[in-house]
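We did not get these values from a lab; they are worked out from the coordinates using the rules stated. These numbers were taken from a predicted model, which means no experiment stands behind them. Neighbour counts are summed over all protein chains in view; Cβ atoms, including those assigned to glycine, are modelled from backbone coordinates with ideal geometry.
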Amino acid sequence: MSSLPRIAVLASGRGSNLAALLAARERGELPVDFVLVGSDKAAAGALRMAEAANIPTLALDPRSYPDRRAFDLDLFARIAASGAELLVLAGFMRILDGEALAPWIGRMINIHPSLLPKYRGLHTHRRALEAGDTEHGASVHFVTAELDGGPVIAQARVAIEPGDDEEQLAERLLPLEHRLLPAVLGLLATRRLRWDGQAPRLDDQPLLTPLVLNEQGLQTRE
Ligand code: GAR
């Protein structure tokens, strides 16, 4: 087994954020070992991408379990069995059971396409447009039992332009997501970033406001 931090990724869809993680590793910017890519959708593009990269995959169908908790307990048991130390939700579109995820508190991050705490849940681009916001973005946060509610680690921002529609906004945001997620995973994997239930700590200092992604990478807010 490699000595690099062992990472599992869960994704329900096309997997462009997974692709960004794999590309960062290829460039030598993310020294981790991807030990498993799992999905609740057997047809997820993310699974094909993982297969092409020789990463073990797992597809579990929620409909073959009696309830959400049973599915999540099995999913997390299999992730633990893969040897993963950290877990990344990269477009995993399911609500997680609090008891099942408890062992992963502080070791699981999620990327969400809004400037949390705004717009938890679905249709974030549409809701930002409908609210008349002038700015939108994406957040990476530690996962807790509260949907999209764990401490926010870092955010990337885009301006909303007059005439933007959902697709245009999503398209402009996605490349920023692809820089944000590998950057945050890098901090966690190198143990510069930690969270034990109090304020997250970066380099042993409390992280009181989310990091901001700019041209240089992640920065503390001025
Ligand atoms: C991304 O935009 C991600 O932020 C979002 O799903 C998309 C997945 O795209 N996640 C959520 O909405 C989680 N609530 P991808 O499959 O191309 O990475």
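For the reader, a short list of remarks on this structure follows.
- Low-density loop positions, trypsin sites (Lys or Arg not before Pro), the range 11-58 - DSSP coil, at most 11 other Cβ in 10 Å: Arg27
- Taken about its Cα centre, the range 110-204 carries a charge dipole of about 480 debye when Lys and Arg each add +1 at the Cβ and Asp and Glu each add -1 at the Cβ.
- A DSSP coil position with no more than 16 other Cβ atoms inside 10 Å describes the following GluC sites (Glu not before Pro) in the range 145-195: Glu146.
- Distance between modelled label sites at Arg120 and Glu161, nm, 7 Å Cα→Cβ extension: 3.3 nm
- Distance between the range 147-214 and the range 4-49 - C-alpha centres, whole angstrom: 18 Å
- More than 23 angstrom apart: percent of Cα pairs within the chain: 45 percent
- Spin-label pair Met93/Arg221, simplified geometry with 7 Å Cα→Cβ offset, distance in nm: 3.0 nm
- Between Asn54 and Ala145, the modelled label-to-label distance comes to 4.2 nm, taking each label 7 Å out from Cα in the direction of the beta carbon.
- Hydrodynamic radius by Kirkwood, which averages 1/r over all alpha carbon pairs of the range 1-79, in angstrom: 13.1 Å
- At most 11 other Cβ within 10 Å, DSSP loop - trypsin sites (Lys or Arg not before Pro), the range 130-195: Arg191
- Dipole of the chain, positive end: most advanced residue of Thr209, Met108, Leu36 [Cβ charges, Cα centre]: Leu36
- Residues in the range 1-34 that a label on Glu171 would reach, taking backbone N under 19 Å of a point 7 Å out along Cα→Cβ: 14-17
- Relative contact order of the range 22-140, defined on C-alpha pairs under 8 angstrom at six or more residues apart (%): 18 percent
- Listed residue (Gly197, Ser139, Asn54) projecting farthest to the positive dipole end of the chain, Cβ model: Asn54
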